[in-house]
Each structure stands twice: as C-alpha cells, then as structure tokens.
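Right, one structure below, let's go through it.
The values are calculated or read from the model by the stated rules, or taken from the named source; none is laboratory data. Everything quoted here is computed from the prediction, not taken from an experiment. Neighbour counts run over all protein chains shown; Cβ positions are idealised from the backbone, glycine included. Accessible surface is based on the protein model in full, side chains and every heavy atom, while ligands, DNA and RNA are left aside. Shrake-Rupley method; radii C 1.70, N 1.55, O 1.52, S 1.80 Å.
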Amino acid sequence: MSSIDVARSFFARMDARDTSGALALVTPHASVTVVPLNLQGDAEEVGRQYFEQLTSAFPDLSVRVRRLFAGNDGTAVAEVTIEGTQAADFFGINNQEKFMDLNQVWLLHVTADAIDRIKAYWCQNQLYRRLAVKRLDHVTITA
C-alpha cells in the first residue's frame, strides 16, 4: 500500500471512531506528537490516549479529509477537519455541549505499509473558541 492509501484508511477508521482499527495501522512504538496538547510518546500510550479522549468527548465525531498528498520520503500530509458536539471533558476543557469544527494538519510517515511516525497540528485557540473557553493567549505572566 502507498502512504496515501494507508493515510486514507487511517482517517476512515478515525471517522468511524474505530480507535483500535486506526492504531492497527500504526507500529506499536511509533512516535506520536500532538503539538497543541504537548503530548509526545509512543502510539500505544499517547496515540491511544488522544484517540480515546477524542472519541469519548465527541461521540458524533466526523473526520473529513480535505486534502491529502505524499512526499518522496513516505510522509503523507493530510489537511483534515474534525467536527462533533462535545459530550465530555476533553484534555482539561470542560464539557459545555458545544459544536466544534477544527482544521488540522497531520503528518503520517509510512514504512512497510505501517505508520511509524505521527505529528498533528492545529490552532489551539481555534479549539478554545469553538468550545467556548476563555481565550488564554492574552494572559500576561509576570515574574
């Protein structure tokens, strides 16, 4: 399978809220970095933690791939939009039952038909606004 095929399958499983299925496409000790949440570790721990919180906090989760392409090094680059209505706390964000749509960029490095490195990016302030959290980017910390 090409890196694009693996990435399509990965996001289709995310869209189906199939955490185990999505992680079955990832090597167990793959490096996972979720930049906005400052999560970093292996897929079995960090990847599972992220996907399980996401699917439990947004039981009507929808993952739509807007654009997908691959580089020469086996990295699939995906622009996705996730949508859903919050039904539980999500990484410290209290549930206010708000609808959220969030644009994200995912880099999936594929070797031997399996993902061995994942990096995800999005604007955390956009997520906060969608979920009605007070903006934190204007907080001034004084020493």
Original post:
For segment 87-138, which residues satisfy the criterion of being without any contact (Cβ under 8 Å) to a residue 24 or more places away in the chain, open to solvent by 50 Å² or more (accessible area, probe 1.4 Å) and not in a loop (DSSP other than H, G, I, E, B)?
Top reply: Arg129
Subject >> Top-ranked residue of segment 37-64 - restricted to ones that are open to solvent by 60 Å² or more (accessible area, probe 1.4 Å) and closer than 15 Å to Tyr121 by Cβ, ranked as modelled with the highest pLDDT >> reply: Gln40
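Filter segment 48-70 down to residues that are in a strand (DSSP E or B) and out of contact with any Phe, Trp or Tyr (no Cβ under 9 Å at 6 or more places or on another chain) and give me whichever is nearest to His109 (Cα to Cα).
Of everything passing the filter in segment 48-70, Ala70 is nearest to His109 (Cα to Cα).
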**OP:** Can you work out which of the residues in segment 66-84 that are open to solvent by 30 Å² or more (accessible area, probe 1.4 Å) and under 12 Å from the mean Cα position of the chain (by Cα) is nearest to Gln96 (Cα to Cα)?
**Re:** Glu83
**OP:** Report, by residue number, each residue of segment 13-36 that is in a helix (DSSP H, G or I) and either open to solvent by less than 30 Å² (accessible area, probe 1.4 Å) or free of Cβ contacts under 8 Å to residues at least 24 places away in the same chain (or both).
**Re:** Arg13, Met14, Thr19, Ser20, Gly21, Ala22, Leu23, Ala24
Subject >> Neighbours by Cβ (under 6 Å, 6+ apart or cross-chain): first from segment 42-67, touching a residue at least 24 places away in the same chain (Cβ under 8 Å); second open to solvent by 70 Å² or more (accessible area, probe 1.4 Å) and not in a helix (DSSP H, G or I) >> reply: Thr55/Arg17; Leu61/Arg17
**OP:** Might you check whether a residue that is touching a strand residue (DSSP E or B) at 6+ places or on another chain (Cβ under 6 Å), within 19 Å of Arg129 (Cβ to Cβ), at pLDDT 95 or above and hydroxyl-bearing (Ser, Thr, Tyr) occurs anywhere in segment 76-97?
**Re:** yes
